[in-house]
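A.B. asks: Quick one: the structure is below, questions incoming.
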Amino acid sequence: MVNDLWKIMNSASELGDGSQHKSKSTCSYLLWTTLLFVIVLLAVTVTGTVLFMNNYHAPPMPDGPPLIRTNQGEGNALVTVERGDGSRVNIFIDPNCPDYGKNFLRLEGAHTSLLHSLTDHDSDLKGQKGQDNVLLVNLAEQLGTMSVHASQLKRDYDSLRRGQGNLGQELNVLQTEQGRLIQLLSESQVNMVKVVNSVNEALSSLQKETGSIKNRLKADLQRAPTRGARPKTCANGSRPRDCSDIYASGQREDGTYSIFPTHHPSGFQAFCDMTTDGGGWTVIQRREDGSISFFRGWDAYRNGFGKITGEHWLGLRQINTLTIQANYELRIDLEDFENNTAFAQYGTFGVGLLSVDPNDDGYPLTIADYSGTAGDSLMKHNGMKFTTMDQDNDHSENNCASFYHGAWWYRNCHTSNLNGKYLNGQHTSYADGIEWSSWTGWQYSLKFSEMKIRPTKKETK
Ligand SMILES: [Ca+2]
């Protein structure tokens, strides 16, 4: 149309060139007015169209915003949009797309459970509120109880502290006492050590003293040469102390003599053997015919019995007073019923040599230095006390004197029994005769036995 208008205008211009200048300006004005009108009309039309289009695509929602739900009974619809006017728009799942249905189901489940949880939590909160109240009441009660307990504990603590204080004081007292006891103990130990030391000193001095006494006694015993100070014979009127003195005075006949030992001033009679082995023997015992009973008690054996010229026992007291004068030797002569003879000799002999009271001490035997032909049957009796039927000094549970019918320096019991029964040789009983076991055993009672003593030869020279 514009082109048409341009063409009209062009053709009008071509018609009136020059002459028609006035008609030409009126025509141009009309043309512009028409053109403007067309433009306005066009603008109104376009605007109306646009407005219509806009109203179509965004119609106003009369009753609020649409409600969006998922899968609410619409078959395969994933999401349903329900508008305010009640119309619904379903969004379906594209079959070519991945199936997110299950995920949405899970999401919905999660959502539902979350809702339930929230609801439950809410109800729980309500219930819990009630419980909390109860709990608070309980807590308050317990707090009260605990306060009471705390007060009690505090009181206990205070009393314990007081007790601890008392205990501490008692402990201090005990420690003081302990210290005092320890001090006492150490002092006692010191005193004990002093006592032990003094006892040791006393013991050692006692031992020294004993040793010196022993030496002195030995010296006294060996001082027998002081016998040399006495007259060797009786010629000058001095009394003989034993048969040795009588022999020294020139007497050579066997027989009964009076002798006066130093500690036996009244003296007594004894048989002197002046012929056997140089003579000068004082006989202290003889058995020869069984005429005298030797089964006697203590007093008889202490004082002596029998006939000096025949069977006899000189007596322990006499023997003691003789043997304490000097070193004496012992000779025992034996004979059997076949007239065989034997002898046993001992270089040292004595009874009660170291006894203060020989009688109380039991006249213990000192014997040593055997020689001879009969064998030794006496050394085992060395140191033993004399036992009689009425005085048991032996080591046997029985009385050896009673058991073996004699009297001797029994141990437990004997190797010799020269004071036994006179049984005339061989006998069936055991060891109760006149036995010298080393020569004739324990079942042969000898015919003859004689015990004699004299000072050892070096004493008489
Ligand atoms: Ca006994």
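The values are calculated or read from the model by the stated rules, or taken from the named source; none is laboratory data. Small disclaimer: the values here were computed from a predicted structure and weren't measured. Here the Cβ is made from the backbone with ideal geometry for all residues, glycine too, and neighbour counts use every protein chain on show. We work out accessible area using only protein heavy atoms, side chains counted, and drop any ligands, DNA or RNA first. Shrake-Rupley method; radii C 1.70, N 1.55, O 1.52, S 1.80 Å.
A.B. asks: Which pairs, out of LYS307/LYS380; LYS421/LYS447; LYS385/LYS452; LYS307/LYS452; LYS421/LYS452; LYS380/LYS452, put more than 22 Å between their alpha-carbon atoms? If you can, show how the numbers build up before the last one.
C.D. replies: Working: LYS307/LYS380 30 Å; LYS421/LYS447 11 Å; LYS385/LYS452 19 Å; LYS307/LYS452 15 Å; LYS421/LYS452 20 Å; LYS380/LYS452 19 Å.
Too far apart for the 22 Å limit: LYS307/LYS380.
A.B. asks: In whole percent, and with a 1.4 Å probe on the protein chains, what portion of the accessible area of region 307-405 is carbon and sulfur? Walk me through the intermediate numbers first.
C.D. replies: Working: 1790 of 3990 Å².
Carbon and sulfur: 45 percent of the exposed surface of region 307-405.
A.B. asks: Still on this structure, please answer the following. Computed over the Cα atoms of region 350-454, what is the convex hull's projected area averaged over all directions, in nm²? Could you put the intermediate results ahead of the total?
C.D. replies: On the way: hull surface 27.1 nm².
Averaged projected area of region 350-454's Cα convex hull equals 6.8 nm².
A.B. asks: Report Rg(Cα)/(2.2 N^0.38 Å) for region 297-346, keeping two decimals.
C.D. replies: On the way: Rg = 13.5 Å, N = 50, 2.2 N^0.38 = 9.7 Å.
Normalised Rg, Cα atoms only: 1.39.
A.B. asks: With labels modelled as points extended 7 Å from the Cα through the Cβ direction, what inter-label distance (nm, one decimal) is found for SER402 paired with ARG162?
C.D. replies: Placing both labels 7 Å beyond Cα along the Cβ direction yields 8.3 nm.
A.B. asks: Moving on. Which value in nm describes the separation of the simple spin-label points at GLN131 and GLU253, placed 7 Å from the Cα toward the beta carbon?
C.D. replies: For the pair GLN131/GLU253, the computed spacing is 14.9 nm.
A.B. asks: Using a 1.4 Å probe on the protein heavy atoms, what percent of the accessible area of region 161-207 belongs to carbon and sulfur? Present the calculation step by step, with values, prior to reporting the outcome.
C.D. replies: On the way: 2540 of 4190 Å².
Taking all protein chains in place, region 161-207 shows 61 percent carbon and sulfur surface.
A.B. asks: Follow-up question, since we're still on this one. With a 1.4 Å probe and all protein chains kept in place, how much accessible area does TYR328 have, in Å² rounded to the nearest 10?
C.D. replies: Roughly 0 Å² of TYR328 is accessible to a 1.4 Å probe.
A.B. asks: For an R0 of 56 angstrom, estimate the FRET efficiency from the Cβ-Cβ distance between VAL193 and SER429 and round to the nearest 0.05. The partial results should precede the final answer.
C.D. replies: On the way: r = 63 Å, r/R0 = 1.12.
My answer for the efficiency is 0.35.
A.B. asks: Something else: At a Förster distance of 25 Å, what's the computed FRET efficiency of SER204 paired with ASP360, Cβ-Cβ distance as r, to 0.05?
C.D. replies: 0.30
A.B. asks: Same structure again: When the solvent-accessible surface of protein heavy atoms is calculated with a 1.4 angstrom probe, in what order do THR282, THR341 fall, highest first? Working shown, then result.
C.D. replies: Values: THR282 0, THR341 100 Å².
Solvent-accessible surface, decreasing: THR341, THR282.
A.B. asks: Given contacts defined as C-alpha pairs under 8 Å and at least six residues apart, what's the relative contact order of region 245-363, whole-number percent?
C.D. replies: Normalised by residue count, the contact order of region 245-363 is 18 percent.
A.B. asks: Now, a different point. At 0.36 nm per residue, minus the direct Cα-Cα distance, what do THR47 and GLU288 gain on full extension? Give it in nm, one decimal, please. Present the calculation step by step, with values, prior to reporting the outcome.
C.D. replies: On the way: separation 241, 0.36 × 241 = 86.76 nm, distance 19.50 nm.
That works out to 67.3 nm of additional length.
A.B. asks: Do you know the relative contact order of region 300-433, to the nearest whole percent, from alpha carbon pairs under 8 angstrom that are 6+ apart? Present the calculation step by step, with values, prior to reporting the outcome.
C.D. replies: Details: 275 pairs, mean separation 20.0, N = 134.
Rounded, it is 15 percent for region 300-433.
A.B. asks: Ignoring ligands, DNA and RNA, please state the percent of accessible area on region 250-298 from carbon and sulfur, probe 1.4 Å. Don't skip to the answer; put the middle values down first.
C.D. replies: Numbers: 920 of 2060 Å².
Taking all protein chains in place, region 250-298 shows 45 percent carbon and sulfur surface.
A.B. asks: Right, another one. With every protein chain left in place, what is the accessible area per residue of region 380-461 in square angstrom, probe 1.4 Å?
C.D. replies: Ligands and nucleic acids excluded, the figure is 42 Å² per residue.
A.B. asks: If you project the alpha carbons of region 277-420 onto their three principal axes, what span does each projection cover, largest first, in Å?
C.D. replies: Principal-axis extents of region 277-420 (Cα, largest first): 36, 32, 27 Å.
A.B. asks: Could you check the simple spin-label distance between THR176 and ASN138, using points 7 Å along Cα→Cβ, in nm with one decimal?
C.D. replies: 5.7 nm
A.B. asks: Once the Cβ-Cβ distance between ASN339 and PHE305 is put in as r, and R0 is 30 Å, what FRET efficiency do you end up with, to the nearest 0.05?
C.D. replies: The pair ASN339/PHE305 has a calculated efficiency of 0.65.
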